[in-house]
Amino acid sequence: MRKIILRASAILLPFMVIIACEGIVRLFGSTPFFIPVLGQSDYQTVNPAYASRYFRGFIPQVAYNPFLKEKPDSVFRVVTLGGSTTAGYPYPFYVGFPERFVARFRSIHPERSVEVINLGMTALSSYVLRDMTADVVDMKPDAVLLYTGHNEYYGAYGAASQILHPTLIRVLFWFKKSVLFRKLERLITPPVESNRTMMAQSTTDVGIMKDGRVYHRGIQNFDQNLNAILEQFYDEGIPMYIGLLVSNIMTQPPLSDDSTANHHWTNGKQYWANGDTLAAKTSFLQAKEFDAIRFRAPEQINQVIAQRAYEHGAIIVNTEEGFPFTTRDSLFTDHLHPTALGYDRMAEAFLKEVADQSSDLGSSLTSTEPSPLDAAYARLLITRLRLGFPFTKGLSQQQEWQQFEEILQIHQQSHQSADSLAALAVTFEMPIYEALLQAHRINLANSDTIWALAHMRSLLYWQPFNQQLRYQAAELASQQSTRIAGEVMQLVTAREPTELYLNTLAAIRLQQGVLDISGILLRQIESTYAESPVMLYNMARYLVQTGDTVAAEGYFRRYQSARNSTAQ
């Protein structure tokens with residue numbers, strides 16, 4: 001018996017030591033998926049450092065979307081999954097389609113409380129999304145929106161750099177849950193800092209030929225991972241919406257030197273010049289398909305999406321409808337990342353499926369145009385991207401950065417405050433929220449209240465719990481009836497649905513002539529603040545415009561009585 005105990009102890013001792021070491025290391029810090037929001041005990045947010053387990057020397061940014069720890073039934077919670085397009089690149093996160101989706105949703109359903117948690121991050125492949133799925137389930141989402149598939153070759157653990165069997169990759173991810181393992185991993189293979197773009201750093205194989213071994217491995221990986229992701233959400237009864245992938249095929253030539261790809265590209269330009277749109281589209285599409293640098297997903301990825309969505313009851317979102325071939329140049333900033341208008345088109349496509357809303361009312365109540373600083377910020381990031389491989393070839397890391405510094409200097413010396421402030425934000429010399437605040441103040445000093453409000457809208461995303469900021473935003477929005485004013489008040493009332501703020505939003509909608517939405521808002525206010533003088537007055541106005549003059553007269557009398565009572 002004693003020998004058995006000794007042998008068992010000898011076997012278990014290493015494991016006990018490892019467990020003890022893990023416990024000691026965790027005492028000094030770990031990287032959980034969720035972290036509390038400072039000063040807001042009811043809220044948590046996704047840990048921005050969590051993605052470090054998947055990358056070396058680069059940690060992608062994650063959207064700041066605080067959400068309630070305990071989700072009430074009244075809250076409609078949406079989680080979005082994907083890569084840099086889902087993250088909103090090259091813009092800050094609130095210009096991307098997840099936040100545009102929520103802005104549109106709130107505009108047509110002002111009575112509903114909605115949260116979005118955007119988990120889109122640069123270079124996330126389906127392997128990483130699969131590893132995150134269990135954490136998403138813990139969030140108890142009412143809907144999951146997926147837009148993924150472009151990173152299957154060069155993203156984290158993509159097919160171009162894959163040296164492990166898929167099963168071993170999933171085992172590795174299991175080990176990465178250990179703090180001790182990750183610390184040892186970083187000690188053995190420390191991160192290497194680089195000024196190159198993520199695209200340049202991740203392109204480890206520039207010869208992924210169509211129908212080759214690596215090409216098929218990427219599609220197979222995506223198929224297996226997407227199947228597992230959708231299956232888990234299906235088993236949990238979580239509604240799933242997955243978008244078909246779009247990319248720029250009309251104005252983006254092949255990124256590789258593949259002769260077949262470039263032959264199709266040349267043909268496409270000739271067909272286009274001759275007015276043969278259909279033949280041009282076919283040729284441009286083939287140029288993308290044969291492009292050996294595969295930052296744009298092959299069409300087979302969309303076929304996998306359609307098949308797996310059908311098998312698991314996921315709703316296919318036809319994002320391609322919002323990106324017609326002849327207008328794609330205005331909808332993309334580069335090879336696949338949309339412009340602000342393009343992101344809003346994506347949001348519209350998802351909203352049609354999630355909210356069963358075929359009306360374009362959301363677009364008439366929301367503003368697709370980003371603030372000047374956000375637009376300048378995006379232009380600089382795209383400029384930096386295009387200075388690197390594979391857009392510009394043959395430059396050293398130092399040459400790339402020197403050219404970009406010259407461009408930054410031009411922006412810093414610009415007479416346009418948005419350009420100079422964006423240059424500081426891009427280089428991290430100034431936090432972007434501080435740059436937005438300065439841009440807002442400059443706009444006010446110049447009496448440019450529209451852009452001042454646009455910068456205030458961006459600030460509200462960075463500081464959603466700032467009561468003073470909400471008050472200032474509402475005060476400025478109350479002086480306008482623009483789309484941006486309506487969006488700002490939606491953001492304000494989402495955090496603080498007071499009588500004052502709800503009445504301000506209702507008044508803006510009345511001024512915009514949106515009677516259905518105005519009625520919903522006014523009845524919402526009436527249910528809580530039945531004798532609000534402002535609500536009674538606006539309700540009378542609303543009823544007059546809808547033709548119910550008898551009811552309008554009754555509300556106006558109540559308004560006069562309430563006003564007299566207040567005066568006394």
Only one of (1) under 25 Å from the mean Cα position of the chain (by Cα); (2) modelled with pLDDT under 95 is not met by residue 481, so which one is it?
(1)
Matching residues in segment 77-104 - criterion: being closer than 17 Å to residue 464 by Cβ, of a type outside the set (A, V, I, L, M) and more than 12 Å from the chain's Cα centre (by Cα)
77
Residue 80 - would you say it is of a type in the set (S, T, N, Q) and assigned to a helix (DSSP H, G or I)?
no
Residue check: is residue 363 assigned to a loop (DSSP other than H, G, I, E, B), more than 26 Å from residue 289 (Cα to Cα) and modelled with pLDDT under 95?
no
Tell me, please, whether a residue that is of a type in the set (A, V, I, L, M) and more than 13 Å from residue 503 (Cα to Cα) can be found in segment 518-539.
no
Write out, first by first residue and then by second, each pair whose Cβ atoms fall under 6 Å of each other, whose residues are 6+ apart or on separate chains, and whose first residue, in segment 80-92, is touching a residue at least 60 places away in the same chain (Cβ under 8 Å) and over 14 Å from residue 124 (Cβ atoms) while the second is aliphatic (A, V, I, L, M) and part of a helix (DSSP H, G or I).
90/378; 90/381; 90/382; 91/378
Among (1) crowded, with 16+ Cβ neighbours inside 10 Å; (2) modelled with pLDDT under 95, the one test that residue 428 misses:
(1)
Could you list, in sequence order, the residues of segment 136-174 that are open to solvent by 30 Å² or more (accessible area, probe 1.4 Å) and in a helix (DSSP H, G or I)?
138, 161, 167, 168, 170, 171, 172, 174
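If you take the residues in segment 444-458 that are in a helix (DSSP H, G or I) and either crowded, with 23+ Cβ neighbours inside 10 Å or among the small types (Gly, Ala, Ser) (or both), which one is nearest to the chain's Cα centre (by Cα)? Spell out how you get there, then give the answer.
We begin by selecting, within segment 444-458, every residue in a helix (DSSP H, G or I); these are 444-445, 449-458.
Subset that is either crowded, with 23+ Cβ neighbours inside 10 Å or among the small types (Gly, Ala, Ser) (or both): 445, 452-458.
On the way: 445: 32, 452: 23, 453: 22, 454: 19, 455: 18, 456: 19, 457: 16, 458: 14 Å.
In this case the residue turns out to be 458.
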For the condition in contact with a Phe, Trp or Tyr (Cβ under 9 Å, 6 or more places away or on another chain), surrounded by 14 or more Cβ atoms within 10 Å (Cβ to Cβ) and farther than 16 Å from residue 504 by Cα, what is the one hit in 522, 543?
543
Any chance segment 478-495 includes a residue that's more than 15 Å from residue 103 (Cβ to Cβ) and part of a helix (DSSP H, G or I)?
no
Name the residue that is nearest to residue 473 (Cα to Cα), counting only residues in segment 395-437 that are of a type in the set (Phe, Trp, Tyr) and not in a loop (DSSP other than H, G, I, E, B).
433
What about residue 357, is it over 17 Å from the mean Cα position of the chain (by Cα), modelled with pLDDT of 95 or more and surrounded by fewer than 19 Cβ atoms within 10 Å (Cβ to Cβ)?
no
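Look at residue 356 and say whether it is part of a loop (DSSP other than H, G, I, E, B) and at positive phi. If you could, list the steps in order and put the result at the bottom.
On the way: part of a loop (DSSP other than H, G, I, E, B): yes; at positive phi: yes.
Yes, satisfied.
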I'm trying to understand the selection: among the residues of segment 378-411, which are touching a Pro at 6+ places or on another chain (Cβ under 7 Å) and either charged (D, E, K, R) or closer than 17 Å to residue 430 by Cα (or both)?
378, 381
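Given the criterion in contact (Cβ under 8 Å) with a residue 12 or more places away in the chain, within 13 Å of residue 372 (Cα to Cα), of a type in the set (Gly, Ala, Ser) and surrounded by 22 or more Cβ atoms within 10 Å (Cβ to Cβ), identify the matching residue among 485, 474, 439. Don't jump to the end; show me each part of the working.
On the way: 485 fails: within 13 Å of residue 372 (Cα to Cα); 474 fails: within 13 Å of residue 372 (Cα to Cα).
The match here is 439.
The values are calculated or read from the model by the stated rules, or taken from the named source; none is laboratory data. Since this is a predicted model, take the numbers as computed values, not measurements. Cβ: placed from backbone, ideal geometry, glycine included. Neighbour counts: every protein chain shown. Just so you know, the surface numbers come from the protein's heavy atoms only, side chains and all, with ligands and any DNA or RNA stripped out. Shrake-Rupley method; radii C 1.70, N 1.55, O 1.52, S 1.80 Å.
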